[in-house]
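S.K.: Before I ask anything, here is the structure I am working with.
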Amino acid sequence: AIVLQHRVTGLDWGVVYYADIAVDKDQIISWDTGYAYRGIFDGNGHTITLNFADTGQECIAPFRYVGNATIKNLRTAGTIQSSAKYAAGLIADIRLSSTVIIENCRVSSTISSSINGDATNGGFVAVVNTGANVKFSTCKFDGSFEGDNCNMNGGYVGYNNGTVVIDNCLFAPDHISTKADGCQTWVRNGTGTLSLTNSQATREYASLVIIRNATEWHTFAVMVNEARGQYDVNAVLAADITTSEHVGVTEGAVYRGTFD
């Protein structure tokens with residue numbers, strides 16, 4: 001890992017694992033943005049266990065920065081503790097305009113945040129940057145999100161400004177103790193898009209919307225439109241309201257969730 005992080009610039013590296021290994025903070029791949037990993041990484045069915053004690057640094061994951069790459073047949077485990085943003089179970093940051101394929105991977109890691117507020121952590125990936133294309137296929141998240149005061153996380157991707165495709169995947173978290181405000185079961189989209197097919201979640205990782213007036217009803221309607229029937233948007237009506245706006249504006253943006 002140390003050799004790779006110092007020599008990977010400008011080169012594609014093909015790597016195959018032949019054993020389960022445990023790594024520490026000095027063996028994270030691509031520690032600096034100038035050394036983004038490129039190539040094909042085949043975990044060969046093995047596990048990387050990363051136990052990371054908090055150092056106050058952003059972007060912590062087994063792969064810190066990734067460019068054009070394929071990562072397949074890999075399981076990650078261990079506990080990543082962080083007091084900064086952008087922690088993830090596999091990749092912290094996918095670089096601008098990169099193409100990344102994540103295939104037959106499983107994240108069983110615990111992502112533990114001490115942030116009070118927006119953490120932008122992701123089960124697999126923390127941040128997908130502008131112009132990047134990411135495809136997940138046959139992947140599973142069965143790790144945990146911990147942190148009593150953090151929010152704004154994504155079950156698979158913490159924040160997306162690119163294009164994400166998720167096919168035949170499972171979100172089955174072992175435990176979630178964070179707040180759900182601003183969280184999304186699969187992907188938190190910024191300017192990006194999500195295509196979700198043939199995938200299931202054993203539980204939703206989303207906030208409860210409180211509606212007290214027409215403005216908050218509008219916010220709820222926008223959230224339903226953004227969800228496009230792919231995940232639940234749960235809501236509670238906390239007051240009588242009058243509105244001329246309806247929710248579920250097209251067949252492609254049907255309402256899904258529990259409305260109390």
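S.K.: So with the 1.4 Å probe, I'd like the accessible area per residue for segment 133-260, rounded to whole Å².
M.R.: 48 Å²
S.K.: Let me ask something additional. Considering every Cα-Cα pair within the chain, what fraction, in whole percent, is farther apart than 25 Å?
M.R.: Cα-Cα pairs in the chain separated by more than 25 Å: 42 percent.
S.K.: Here's something else I'd like to know. Report Rg (one decimal) and Dmax (nearest whole number) for segment 29-92, counting Cα atoms only, units Å.
M.R.: Values for segment 29-92 (Cα only, Rg and Dmax): 11.7, 32 Å.
S.K.: Full-extension gain between GLU251 and GLN200, please, as 0.36 nm times their residue separation minus the C-alpha to C-alpha distance.
M.R.: Extending this stretch completely gives an extra 16.3 nm.
S.K.: So how much accessible area does VAL236 have, in Å² to the nearest 10, using a 1.4 Å probe?
M.R.: For VAL236, solvent-accessible area is about 40 Å².
S.K.: Considering just Cα atoms, how many Å³ per residue does the convex hull of segment 182-243 enclose?
M.R.: With only Cα atoms used, segment 182-243 gives 88 Å³ per residue.
S.K.: Just subtract the alpha-carbon distance of SER177 and ALA22 from 0.36 nm times their residue separation and send over the number in nm, one decimal.
M.R.: Net length gain for the segment: 53.2 nm.
S.K.: In nm, to one decimal, how far is the modelled label at ILE210 from the one at LEU170, with both set 7 Å along Cα→Cβ?
M.R.: With each label point 7 Å from Cα toward Cβ, the separation is 3.6 nm.
S.K.: Stretch LEU96-ALA53 to full length: gain in nm at 0.36 nm per residue minus the Cα-Cα span?
M.R.: 12.7 nm
S.K.: Can you compute the modelled spin-label distance between ASN44 and THR138, with each label point 7 Å from Cα toward Cβ, in nm?
M.R.: The answer from the label model is 1.9 nm.
S.K.: For Cα pairs less than 8 Å apart in space and 6+ apart in sequence, what is the mean separation divided by the residue count of the chain, i.e. the relative contact order in percent?
M.R.: It rounds to 11 percent for the chain.
S.K.: Now a separate question. Give the long-range amide H neighbours of ASN133: residues separated by 5 or more places, or on another chain, with amide H under 5 Å away, using H modelled in the peptide plane at 1.01 Å from N.
M.R.: Those lying under 5 Å, H to H, from ASN133 are SER98, THR99, VAL100, THR163.
S.K.: Which value at 222 nm does the chain reach when only helices count, each DSSP H run of 4 or more adding -39,500 (n - 2.57), with the total divided by all residues and rounded to the nearest 500 deg cm²/dmol? Working shown, then result.
M.R.: Values: 2 runs with 20 residues, N = 260.
It lands at -2500 deg cm²/dmol.
S.K.: How many percent of the accessible area of segment 98-233 is carbon or sulfur, using a 1.4 Å probe?
M.R.: Its accessible area is 43 percent carbon and sulfur atoms.
S.K.: So what are the radius of gyration and Dmax for the Cα set of segment 64-117, in Å?
M.R.: Final numbers for Rg and Dmax: 12.4, 35 Å.
S.K.: What is the projected area of the convex hull of the Cα atoms of segment 59-187, averaged over all directions, in nm²?
M.R.: Taking a quarter of the hull surface, the average projection is 6.1 nm².
S.K.: Please compute one quarter of the surface area of the Cα convex hull for segment 115-233 and express it in square nanometres.
M.R.: 7.0 nm²
The values are calculated or read from the model by the stated rules, or taken from the named source; none is laboratory data. This one's a predicted model, so the numbers in the text were calculated from it and none came from an experiment. In this analysis, Cβ positions are derived from the backbone assuming ideal geometry, glycine residues included, and neighbour counts consider all displayed protein chains. Heads up: the accessible areas ignore ligands, DNA and RNA and are worked out on the full protein's heavy atoms, side chains in. Shrake-Rupley method; radii C 1.70, N 1.55, O 1.52, S 1.80 Å.
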